[in-house]
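Participant: Quick one: the structure is below, and I'll ask about it shortly.
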Amino acid sequence: MPDTTIANHELNLASQSVEAKNTNAAEISKQLRANRHKRESRQALLKHLFLGFFAILMLYPLLWMMAASVKPENEIFGNLSIWPSAFHWDNYAHGWNRMQVSFTTFYANSFLVTILSVIGNLISCSFAAYAFARLTFDLKKFWFALMMMTLMIPYHVVLIPQYVLFLELGWVDTYLPLVVPRFLAADAFFIFLMVQFFRQLPRELDEAAMIDGCSPYKIYWAIIMPLSLPAMATAGIFSFIWVWEDFLAPLIYLNDMNNYTVPLALRLFVDQDSQSAFGQMFAMSVLSLVPVILVFVIFQKLIIKGIGMSGLK
Amino acid sequence: MRKFFVRNLPGYAFLTPWLLGFFLLALGPMLISLYLSFTKWDMVGDPQWVGLAQYEYMFLKDKRFWQSLDVTFTYVILAVPARLAFALMIAIVLDKGIRKIGIYRALYYLPSILGASIAIAILWREIFNIDGVVNAVLINFGIQGPNWIGNPDTSLYTLVVLAMWQFGSPMLIFLAGLRNIPTELYEAAEIDAASKAKQFFSITLPLLAPVLFFNIILQTIEAFKTFSSAFIISNGDGSPADSLLFFTIYLFNEAFTYFRMGYASALAWTLLIIIGLFTAVSFYTSKYWVYYENERD
């Protein structure tokens with residue numbers, strides 16, 4: 001009997017100590033967790049501070065340019081402020097009409113070239129991508145390898161013969177040299193982007209449609225295209241931005257100021273540097289970025305996903 | 001015969017625009033420019049065959065050619081690592097420990113999307129001017145900065161800074177790569193008390209190698225092709241004192257200012273060969289340092 005009492009007693013003690021240990025352990029782990037939580041949130045705060053500061057640093061040049069576009073001329077240089085002492089909105093009106101040809105024409109030209117180019121890119125690149133991703137035909141691998149190689153070729157290598165060709169055709173000083181190549185899938189990057197996307201669509205769709213007697217043309221239009229709107233939008237957005245900002249091709253092919261696109265017109269400000277119209281120059285520079293920034297803000301999610309998908313520049 | 005058409009017709013029908021473009025705008029012009037590089041031609045009359053004379057002049061006599069190589073390679077060697085280092089650093093900070101990174105991602109990416117535009121090149125000219133923003137900052141520290149753009153010793157660095165400013169897209173690609181590294185690896189490393197630096201060099205970097213490789217190739221080719229911003233900042237001719245004479249700018253002026261089409265074609269093919277060699281060597285050496293997870297030995 002005493003044995004059992006002692007044993008019981010010991011058992012009690014043991015269980016008590018276990019309990020104590022348990023509560024101890026629970027407390028310690030709670031505290032540890034709280035500590036870690038505190039440490040983590042402190043770290044997160046530090047990170048936010050760093051990232052926020054860095055974001056401001058990154059955006060500062062853009063903010064400064066926006067301010068400079070409405071500053072009085074004598075306040076632009078040697079001045080770090082992004083808040084003008086007075087707002088000279090007339091820089092925009094004067095800049096718009098500063099050249100013999102007004103920016104209305106330049107914008108109309110830029111939009112025309114850009115929209116036609118985007119349409120060309122979407123049609124021709126999705127055609128090629130559909131063939132590469134979903135159809136079987138002889139020499140497919142060979143052509144695909146060649147297509148991938150053209151991604152690497154610098155535009156400068158084909159520039160001179162292309163110029164001679166378009167000159168012979170009488171296309172210089174028209175928009176044809178800027179637009180027609182896009183209808184011939186010259187921006188092969190978008191083929192690559194779309195191939196990546198088309199390959200992810202389930203094959204069964206094509207097969208089922210085929211059994212129902214759908215032709216490959218019908219499958220492209222009725223199945224692949226409706227399912228590929230995100231990829232098409234991504235390609236469309238990027239080609240919009242790249243064509244809008246394109247400088248080299250317009251520089252070579254457009255001579256008459258009436259045909260100039262916006263980047264070419266901006267360059268005229270640089271050449272007239274000495275006549276000091278910096279406010280107007282910045283005003284027109286800011287305006288030239290507006291379409292790109294708008295597209296970026298509206299389609300930001302698609303753009304960022306698109307880069308993850310293909311590694312665009 | 002019928003079978004042959006049934007099998008091939010749809011594929012080639014869809015491929016037609018690209019095939020036309022490939023032959024008329026890529027392969028054809030490339031071969032023609034190869035031919036032109038062996039000739040002398042000012043676009044008046046017929047090209048005159050001169051054999052290797054253009055290349056001989058280029059490599060043996062033309063100081064500006066070597067200057068343009070010097071400028072381009074210096075730029076590539078400085079700008080690509082700087083941009084990638086920035087991109088990787090920010091991607092690592094963004095990757096763990098904080099939520100709501102969307103806004104930073106977008107803000108950091110914005111310069112990349114605007115950076116190629118003429119507007120930004122114009123802005124850069126004025127920021128680095130003698131009385132520009134950069135010197136206005138320096139003056140607060142009692143430093144009188146130079147005319148960064150006008151001074152041949154510093155002008156190239158303004159373009160390197162411009163390149164660094166546009167680290168957005170490699171950052172996004174790094175971020176996607178970092179997200180694919182299993183967290184268990186870091187947890188195991190924590191238990192083994194591996195330092196953060198050790199974790200970076202033993203886990204992050206090796207597993208990120210394929211992404212890093214991809215970024216290096218892409219960014220280097222991109223850097224070799226730099227044109228618009230350098231053109232605006234250097235007044236179109238590589239000035240001051242040829243310090244911004246990028247290969248592409250030299251080529252452009254030979255072709256479209258002086259109409260030396262033969263020589264410009266030889267320059268174009270040299271550029272193509274440089275980029276081709278770089279890509280080939282990178283792919284060849286990549287098997288020694290790029291580890292692909294799903295690869296079997």
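Participant: From (1) loosely packed, with under 14 Cβ neighbours inside 10 Å; (2) more than 9 Å from chain A (Cβ to nearest Cβ), pick out the condition that doesn't hold for B:F86.
Facilitator: All conditions pass for B:F86, except number (1).
Participant: Tally time: how many residues in the range B:234-268 are surrounded by fewer than 19 Cβ atoms within 10 Å (Cβ to Cβ) and facing another protein chain (nearest Cβ under 9 Å)?
Facilitator: 3
Participant: Evaluate the range B:77-86: report whether one residue or more is assigned to a loop (DSSP other than H, G, I, E, B) and either among the β-branched types (V, I, T) or free of Cβ contacts under 8 Å to residues at least 60 places away in the same chain (or both).
Facilitator: Checked against the condition, which is being assigned to a loop (DSSP other than H, G, I, E, B) and either among the β-branched types (V, I, T) or free of Cβ contacts under 8 Å to residues at least 60 places away in the same chain (or both), the range B:77-86 yields no hits at all.
Participant: Hey, can you tell me all the residues within the range A:42-87 that are among the aromatic types (F, W, Y), free of Cβ contacts under 8 Å to residues at least 24 places away in the same chain and facing another protein chain (nearest Cβ under 10 Å)?
Facilitator: Across the range A:42-87, the qualifying residues are A:F50, A:F54, A:Y60, A:W64.
Participant: Still on this model: Could you please tell me which pairs satisfy a Cβ distance under 7 Å, a separation of 6+ or placement on different chains, a first residue in the range A:254-266 that is closer than 21 Å to A:G170 by Cβ, and a second residue that is of a type in the set (D, E, K, R) and surrounded by fewer than 24 Cβ atoms within 10 Å (Cβ to Cβ)?
Facilitator: These pairs meet every condition: A:L254/A:D173; A:N255/A:D173; A:D256/A:D173; A:N259/A:D173.
Participant: Considering only the range A:285-304, state which residues are β-branched (V, I, T), open to solvent by 10 Å² or more (accessible area, probe 1.4 Å), under 13 Å from the mean Cα position of the chain (by Cα) and within 9 Å of chain B (Cβ to nearest Cβ).
Facilitator: Selection gives A:I293, A:V295, A:V297, A:I304.
Participant: Going by what's in this entry, would A:R39 be described as more than 11 Å from every other protein chain (Cβ to nearest Cβ) and either out of contact with any Ser or Thr (no Cβ under 9 Å at 6 or more places or on another chain) or on the phi > 0 side of the Ramachandran plot (or both)?
Facilitator: No: the conditions fail for A:R39.
Participant: I've got another one for you. Here's a check for you: in the range A:111-157, which residue that is within 23 Å of the chain's Cα centre (by Cα) and among the β-branched types (V, I, T) is farthest from A:I224 (Cα to Cα)?
Facilitator: A:I153
Participant: If only one of B:I113, B:I118 is more than 22 Å from A:F278 (Cα to Cα), surrounded by 23 or more Cβ atoms within 10 Å (Cβ to Cβ), facing chain A (nearest Cβ under 8 Å) and not polar (S, T, N, Q), which one is it?
Facilitator: B:I113
Participant: Could you give every pair whose Cβ atoms fall below 6 Å, whose first residue belongs to the range A:149-178 and is at pLDDT 90 or above, and whose second residue is exposed (fewer than 15 other Cβ atoms within 10 Å of the Cβ) and part of a helix (DSSP H, G or I), counting only separations of at least 6 or pairs across chains?
Facilitator: none
Participant: Tell me which helices (runs of 4 or more DSSP H) are completely within the range B:1-63 and hold 1 or more residues being under 30 Å from A:L176 (Cβ atoms), or say none if there are none.
Facilitator: Result: B:2-21, B:28-36.
Participant: Quick check: is even one residue across the range A:198-217 within 25 Å of A:W244 (Cβ to Cβ) and buried (at least 18 other Cβ atoms within 10 Å of the Cβ)?
Facilitator: No, that holds for no residue.
Participant: Another question about this same structure. Only one of (1) at pLDDT below 85; (2) open to solvent by 70 Å² or more (accessible area, probe 1.4 Å) fails for A:S15. Which number is that?
Facilitator: A:S15 satisfies all of (1) at pLDDT below 85; (2) open to solvent by 70 Å² or more (accessible area, probe 1.4 Å) except (2).
Participant: Could you run through the range B:1-56 and say how many residues are more than 13 Å from A:I160 (Cβ to Cβ) and within 9 Å of another protein chain (Cβ to nearest Cβ)?
Facilitator: So the count comes out to 20.
Participant: Specify the residue that is least open to solvent (accessible area, probe 1.4 Å); the eligible residues are those in the range B:136-191 that are in contact with a Ser or Thr (Cβ under 9 Å, 6 or more places away or on another chain) and aromatic (F, W, Y).
Facilitator: Top of the filtered list is B:F167.
The values are calculated or read from the model by the stated rules, or taken from the named source; none is laboratory data. All figures in this text were calculated on a predicted structure; none of them were measured in a lab. Cβ atoms come from the backbone with ideal geometry, glycine included; neighbour counts cover every protein chain shown. For accessibility, only protein heavy atoms count, side chains too; no ligands or nucleic acids. Shrake-Rupley method; radii C 1.70, N 1.55, O 1.52, S 1.80 Å.
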